[in-house]
Amino acid sequence: MPKAPLTDRFGRTIDYVRLSVTDRCDFRCVYCMSEDMTFLPRKQVLTLEEIARLARTFKSLGTEKIRLTGGEPLVRKDIVGLVEEIGALGLRDFAMTTNGNQLTRLAEPLRQAGLHRLNISLDTLDAERFRTITRTGNLQRVLDGLDAARDAGFKRLKLNTVIMKGRNDDEVTELVEFARAKQVDISFIEEMPLGEITAHDRGESLCSSDEVRALIEQRHELLPTTDDTGGPARYYRMADSPIRVGFISPHSHNFCATCNRVRVTVEGRLLLCLGNEHSVDLRRVLRGYPEDDGHLRQAIIDAMDLKPERHHFSSEGEVQILRFMNMTGG
Ligand code: SAM
Ligand code: SF4
């Protein structure tokens, strides 16, 4: 099938899709979920076949990069089968974001199934804190999962770390030393105002990328790189280590002009921008035309016109985006 790249009204080419494969999770991280989350009824959730069909259709429209996320992708039954199906599409880059809790069991099968890369979330190296932040998690299990991922042959592993004032901002340098020792990249993410949570006040807990960078630079000089992922991440290197240190600042606008990505929620809602409500119901098209991908292709192509020029986040005052992170796919 000829490639028909997706382009929006602002001339941006969309070749990166994040697919959420579940809204469920085995953790309840304080910045992501409330303690007593209600999850979606099963029939509202896309089937694995529907998710694979979406991946195939996006690939036929020029998508080169797919990331599976959630919720926690590894709690979805037969996630390995889905990875195998998407892996067979021959994408340039096929990645997953996970909390790492199931990796001792699944790292090897995922690698065998054709997954290229893993991002593993890790906010602290202190077991008690880890339990407090995730509300249910066991730190050692995740650390073992990271080792299992390395043993399985995953290259360019990356840690994702959300830094919050008063919770883990005193661990920034320790986390960087850990990443250096394990030879894995690390990205520090600014907390985003998604969904109403009760565990802490967002205005107070926000720790900016500039603050985190300053903490690291007390010990290591950070050398800017030109690596550009078309997203809100900026990468740095250190003279004496091969790892990259990234800073993800979703509040800044300086990445919107080169934004190359869209997201699909587990309900099949195509989100054109993380910080806006513009969306298209692809589940309706998937289920309305089960045998005919033409409608699905056209719905995706038409949706590009809805992609807004820039996002509208704020960490002050009202929560503007009422979806939880596990719904949008982080
Ligand atoms: N469960 C997987 C995990 O934790 O890696 C994948 C989904 S999770 C929603 C994806 C990423 O979003 C994680 O690295 C998590 O730390 C981050 N995240 C969740 N809520 C966030 C928020 N409010 N602001 C910034 N990052 C957030
Ligand atoms: Fe689960 Fe990931 Fe959200 Fe934590 S950040 S509650 S691991 S989906």
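Quick notes on this structure:
- Region 68-97, subset open to solvent by 10 Å² or more (accessible area, probe 1.4 Å) and under 21 Å from residue 32 (Cα atoms), residue farthest from ligand 2 (Cβ to nearest atom): 76
- Among the criteria (1) modelled with pLDDT of 95 or more; (2) closer than 26 Å to residue 22 by Cα, the one residue 126 does not fulfil is (2).
- Condition check for residue 108: more than 10 Å from ligand 1 (Cβ to nearest atom) and not in a loop (DSSP other than H, G, I, E, B): yes
- Residue satisfying all of: in region 138-171; of a type in the set (Gly, Ala, Ser), surrounded by fewer than 22 Cβ atoms within 10 Å (Cβ to Cβ) and over 23 Å from residue 215 (Cβ atoms); farthest from ligand 2 (Cβ to nearest atom) among these: 153
- Members of region 233-257 that are under 20 Å from residue 123 (Cα atoms) and touching a Leu at 6+ places or on another chain (Cβ under 9 Å): 236, 245, 250, 251
- Within the set 22, 63, 38, the sole residue that is polar (S, T, N, Q), touching a strand residue (DSSP E or B) at 6+ places or on another chain (Cβ under 8 Å) and part of a loop (DSSP other than H, G, I, E, B) turns out to be 63.
- Yes/no for residue 257 being under 30 Å from residue 57 (Cβ atoms), assigned to a helix (DSSP H, G or I) and open to solvent by 20 Å² or more (accessible area, probe 1.4 Å): yes
- Some residue of region 307-330 being outside any loop (DSSP other than H, G, I, E, B), at pLDDT 85 or above, open to solvent by less than 20 Å² (accessible area, probe 1.4 Å) and more than 16 Å from ligand 2 (Cβ to nearest atom): no
- Within region 172-194, being buried (at least 20 other Cβ atoms within 10 Å of the Cβ) and assigned to a loop (DSSP other than H, G, I, E, B) holds for 184, 190, 191, 192, 193.
- Candidates are the residues of region 124-137 that are open to solvent by less than 10 Å² (accessible area, probe 1.4 Å) and in contact (Cβ under 8 Å) with a residue 40 or more places away in the chain; the one that is farthest from ligand 1 (Cβ to nearest atom) is 124.
- Residues being open to solvent by 20 Å² or more (accessible area, probe 1.4 Å), away from ligand 1 (no atom under 16 Å from the Cβ) and not β-branched (Val, Ile, Thr) are represented in region 25-36 by at least one member.
The values are calculated or read from the model by the stated rules, or taken from the named source; none is laboratory data. Not measured: the values here are computed from a predicted model. Here Cβ is always computed from backbone atoms with ideal geometry, including for glycine, and neighbour counts include all displayed protein chains. The accessibility values were calculated without ligands, DNA or RNA, using every heavy atom of the protein model including side chains. Shrake-Rupley method; radii C 1.70, N 1.55, O 1.52, S 1.80 Å.
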